Amino acid sequence: MKRKFDRVYQFKITLKRIKPPIWRRIQVPETYTFWDLHVAIQDVMGWQDYHLHRFEIVNPATGALKLIGLPSDDDDWSRATLSGWRQKIAKWFTPENKVAVYFYDFGDGWEHEVELEKILPRETGVRYPVCLGGKRACPPEDCGGVSGYERLLEIISNPDDDEYEEMLTWLGGKFDPEHFDPKKVVFDDPAIRFKKAFEEE
């Protein structure tokens with residue numbers, strides 16, 4: 001059953017330590033959990049959800065920094081990670097508490113700033129979540145983080161590089177780092193993604 005909602009949260013997601021910036025702007029229902037937001041970020045950025053993720057955000061009630069994502073007995077953090085599917089974004093993001101950091105792929109170490117820009121009335125006829133805009137392509141999965149991505153761009157911009165052909169083959173023949181089309185974003189159903197991830201093992 002779809003959850004009813006009256007408001008939407010508008011976020012700007014920016015991949016940190018990359019210039020020029022790679023960013024996306026989305027609107028999601030106020031009923032979203034952090035798991036739902038994770039799925040939306042994966043889809044709008046262009047990640048494949050192959051790796052672990054975690055949000056870091058201040059608890060507006062206490063001022064303490066908290067981790068929200070996938071709890072694990074293997075956590076080496078002293079702070080427990082809260083289950084993302086049990087935490088509603090509306091309880092954490094406020095006009096005074098606008099920013100979280102979204103970590104994806106702890107090996108490559110991708111960090112995203114997730115900034116609440118506005119809380120708006122739901123528009124009739126709009127199917128949420130929706131991508132309003134963005135710039136530049138998402139780095140390929142498993143490219144080695146920021147430094148690996150910078151090296152990848154150097155290689156594919158120079159046909160004389162010894163790794164040029166090998167890298168193009170790995171990329172599937174082409175890669176345009178400047179291309180992003182918000183109209184081509186397809187959002188998965190977070191409930192279906194959750195079922196695939198946790199109930200069909």
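The values are calculated or read from the model by the stated rules, or taken from the named source; none is laboratory data. Computed from a predicted structure; not experimentally measured. Methodologically, a virtual Cβ is constructed for each residue, glycine included, from the backbone with ideal geometry; neighbour enumeration extends over all protein chains shown. Ligands, DNA and RNA are stripped out before the accessible areas are found, and what is left, the full protein with its side chains, is counted by its heavy atoms. Shrake-Rupley method; radii C 1.70, N 1.55, O 1.52, S 1.80 Å.
Miscellaneous remarks
- Per residue, the chain reaches -6000 deg cm²/dmol at 222 nm when only DSSP H runs of four or more residues are counted, each adding -39500 (n - 2.57).
- Near the amide H of residue 16, within less than 5 Å, lie the amide hydrogens of 111, 112, 113, all on another chain or at least 5 residues away, with H placed in the peptide plane.
- Additional length obtainable on full extension of the chain from residue 98 to residue 119, 0.36 nm per residue less Cα span: 6.5 nm
- Angle in degrees between helix 145-156 and the longest Cα principal axis of the chain, rounded to the nearest 10: 40
- FRET efficiency, 1/(1 + (r/R0)^6) with R0 30 Å, evaluated for residue 198 and residue 127 via beta carbons: 0.70
- All lysines inside 16 Å of residue 88 as judged from Cα atoms, apart from same-chain residues fewer than 8 positions distant: 2, 4, 66, 98
- Put 179, 53 in order of accessible area, highest first, and with a 1.4 Å probe you get 179, 53.
- Shape of segment 1-97, Cα gyration tensor, a/c cut at 1.5: rounded
- Spin-label proximity, residue 17 to segment 26-64 - amide N less than 20 Å from point 7 Å beyond Cα toward beta carbon: 42, 45-57
- Heavy atoms of the protein chains alone define the surface here; on that basis segment 50-201 has 62 Å² accessible area per residue at 1.4 Å probe size.
- Here the contact order of the chain, divided by its residue count and restricted to Cα pairs under 8 Å and six or more residues apart, works out to 27 percent.
- Efficiency of FRET between residue 90 and residue 160 - r from beta-carbon atoms, R0 45 angstrom, step 0.05: 0.25
- Point-to-point label distance, residue 150-residue 137, nm (Cα→Cβ direction, 7 Å offset): 2.0
- Global form of segment 69-157, assessed from the alpha-carbon gyration tensor, a/c cut-off 1.5: oblate
- Rg ratio for the chain: its Cα radius of gyration over 2.2 N^0.38 Å, N being its residue count, equals 1.08.
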